[in-house]
Amino acid sequence: MQEWLKTAVFYEIYPQSFKDSDGDGIGDFNGITEKLDYIADLGCNAIWMNPCYDSPFKDAGYDVRDYRKVAERYGTAEDLQRLFEQVHARGMHILLDLVPGHTSEDHEWFRMSGREERNEYSDRYIWTDSWFERAEGFPYIAGERERDGAYIINFFKCQPALNYGFLKPKEHWQKPIDHPACLATRAAVVDVMCYWLSMGCDGFRVDMADSLVKNDDEVKSGTCLVWKDMFAKVHEKYPDAVFVSEWNNPASAIGRAGFQMDFFLDWTGNGYNLLMRDYDGSGRDDSVFKVKSRRSICDFLDEYLPKYEAIKGAGLYCLITGNHDTVRAAYNLDERELKLAYSFLLTMPGAPFIYYGDEIGMRYQKLPGKEGGYTRTGSRTPMQWDGGVNHGFSGADASRLYLPTDSAPDAPTVENQQARGDSLYHTVKELLRLRREESAFARHDNLRIEAAERGMRSFAYSRGGLMMLCNPSDRAETLPVDLTGYERIYAVGDGCRKEQGCLLDAQSFVIFRR
Ligand code: NOJ
């Protein structure tokens, strides 16, 4: 694992909505460059930027039309290169978003692939031999191109799946993973990665990283083989390139495929989801960090620990505050609850990822879908910088904004959060300062659960000489943790008393150092 990853804290930027520098109503590269000092000052030292390539934007850019061209709306290739340079000038790193599993239906490869006469791209995508032959078990489309056949899609209708082959081909149109056409797909994607690495990015967040090989087995052996091969080729030229996978299975992603990092993704009802988003429309909310919930941290740990243990030390299993696909955490957690949740997320192993605006508690907006966002659109609204026009996001007329800004009179902004000493923003900043200063946080194999029990809300865990204690509930609870010889270095809430174990006040999070 690259050394810098051990102390990395990522900030995720949805470029559409971060900062508009030229007044056209949409965020851009130069806007991001302008705000790098803000990101660095918050305590983040790395960036993941969502897709910024030429695209018809039917899925917010996850439908790439040209992998090597930047989307005009974000600026020029030179602007992006300048962003890379400015990131590096601050000792920071930046990952682009790689979409290796599918392209836009408007990509030149797909246009060629859909032609009747055979050509170099005929097998770049997965086609059956005739329009009425079903691609059994896969979403497929027919009736769109001159070629007689149906093709498999990966996500939306506009996203045909690239052909990396089938683990065990069953039909004549299914190719084995080492078929020349599938090797050509790999080579083309390796070229794309090398292209952006040569331009100066430090690596990639990889979209749907587990989805390359079709009919793969449970541990995704086929997809892992493909990644191993592609990484070997990229690392020959760019040994320092880093990759974080959208996979949610570190044993496969890190252990077998060779990623350095994997995400614990937000899937309804899974361990991560239960931390902050376990609610439904009925008013019930059993999230771990909701004050009135009954949920114990054990439900998170049951899923997290085996996955963490499987790769412990070999790579990073990463926790997010949210991302462009999740509902914002502030949708149902108030500021105090968010402070406790973030104290947890930012003191766990793995590189944390902060989604832009989560540090100020930006809210989820109920909005009609934009660019294929649907319910995700409400988490993609413009960053709220200050109390000025469009919250400082853009000088454009409000009607031209990519999405509306939060119109609530008490909308959180960087300005009002910075001005209030006890705000969420300052909690995040303080936590990131601690993360920088305490060397125990730079090790990722040192997590020990010190106290966690079903039926109890409070829990404690340590990392080397640091002891973290958390009580998300509205009642004081005693944890069986001996704090003799420890000093307190951080607290949300009134903290705790060292009496027969440790009496933890309601809604508190405390860090002690030995
Ligand atoms: C996952 C991305 O995070 C999401 O935004 C996108 O819509 C799908 N993959 C399809 O690429």
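The values are calculated or read from the model by the stated rules, or taken from the named source; none is laboratory data. Being a predicted model, the structure only gives us computed values, none of them experimental. All Cβ positions, even for glycine, are placed from backbone atoms using ideal geometry, and neighbour counts span all protein chains on display. Keep in mind that these areas ignore ligands, DNA and RNA; they rest on the heavy atoms of the full protein, side chains included. Shrake-Rupley method; radii C 1.70, N 1.55, O 1.52, S 1.80 Å.
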- For region 124-153, what are the residues that are touching a helix residue (DSSP H, G or I) at 6+ places or on another chain (Cβ under 9 Å), closer than 17 Å to residue 170 by Cβ and not in a strand (DSSP E or B)? none
- Note on the structure: Restricted to region 29-80 and to residues being within 16 Å of the ligand (Cβ to nearest atom) and touching a Lys or Arg at 6+ places or on another chain (Cβ under 8 Å), the residue farthest from residue 436 (Cα to Cα) is 56
- Message: What pairs come out if I take residues in region 473-502 that are at pLDDT below 95 and among the polar types (S, T, N, Q) and pair them with residues that are open to solvent by less than 100 Å² (accessible area, probe 1.4 Å) and in a loop (DSSP other than H, G, I, E, B) whose C-beta lies under 6 Å away, six or more apart or interchain?
- Response: 478/501
- May I ask you to verify whether residue 243 is buried (at least 22 other Cβ atoms within 10 Å of the Cβ), within 16 Å of the ligand (Cβ to nearest atom) and farther than 25 Å from residue 343 by Cα? yes
- Item | Residue that is out of contact with any strand residue (DSSP E or B) (no Cβ under 9 Å at 6 or more places or on another chain), touching a residue at least 60 places away in the same chain (Cβ under 8 Å) and not hydroxyl-bearing (Ser, Thr, Tyr), where the choices are 382, 368 | 382
- Message: Please determine whether any residue of region 105-120 is among the polar types (S, T, N, Q) and without any contact (Cβ under 8 Å) to a residue 24 or more places away in the chain.
- Response: yes
- Tally, over region 462-505, of residues that are among the aliphatic types (A, V, I, L, M) and crowded, with 17+ Cβ neighbours inside 10 Å: 9
- Query: All but one of (1) within 16 Å of the ligand (Cβ to nearest atom); (2) touching a helix residue (DSSP H, G or I) at 6+ places or on another chain (Cβ under 8 Å); (3) within 30 Å of residue 461 (Cβ to Cβ) hold for residue 318; which doesn't?
  - Reply: (2)
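Which of the residues that make up region 154-197 are more than 16 Å from the ligand (Cβ to nearest atom) and assigned to a strand (DSSP E or B)?
If the condition is that a residue be more than 16 Å from the ligand (Cβ to nearest atom) and assigned to a strand (DSSP E or B), then 166, 176 are the ones that fit.
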- Message: surrounded by 22 or more Cβ atoms within 10 Å (Cβ to Cβ) and closer than 13 Å to residue 346 by Cβ: which single residue out of 459, 509 fits that description?
- Response: 509
- Task: Determine if region 2-12 includes at least one residue that is closer than 19 Å to residue 386 by Cβ, surrounded by 19 or more Cβ atoms within 10 Å (Cβ to Cβ) and under 19 Å from the mean Cα position of the chain (by Cα).
- Result: yes
- Message: Taking the condition of being of a type in the set (Lys, Arg) and in contact with a Ser or Thr (Cβ under 7 Å, 6 or more places away or on another chain), how many residues in region 201-258 meet it?
- Response: 1
- Query: Across region 125-158, which residue is surrounded by the most Cβ atoms within 10 Å (Cβ to Cβ) among those that are among the β-branched types (Val, Ile, Thr) and touching a residue at least 60 places away in the same chain (Cβ under 8 Å)?
  - Reply: 126
- Message: Name the single residue that is nearest to residue 453 (Cα to Cα) among those in region 305-317 being out of contact with any Lys or Arg (no Cβ under 9 Å at 6 or more places or on another chain) and crowded, with 22+ Cβ neighbours inside 10 Å.
- Response: 311
- Message: Take residue 226 and tell me if it is of a type outside the set (Lys, Arg) and either part of a helix (DSSP H, G or I) or within 27 Å of residue 450 (Cβ to Cβ) (or both).
- Response: yes
- Task: Mind listing just one residue for me: the one in region 159-200 that is of a type in the set (Gly, Ala, Ser) and more than 30 Å from residue 91 (Cβ to Cβ) and, of those, most open to solvent (accessible area, probe 1.4 Å)?
- Result: 187
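Select from region 201-223 the residues that are in a loop (DSSP other than H, G, I, E, B) and open to solvent by 20 Å² or more (accessible area, probe 1.4 Å) and write down the one among them that is farthest from residue 259 (Cα to Cα).
Among them, the one singled out is 215.
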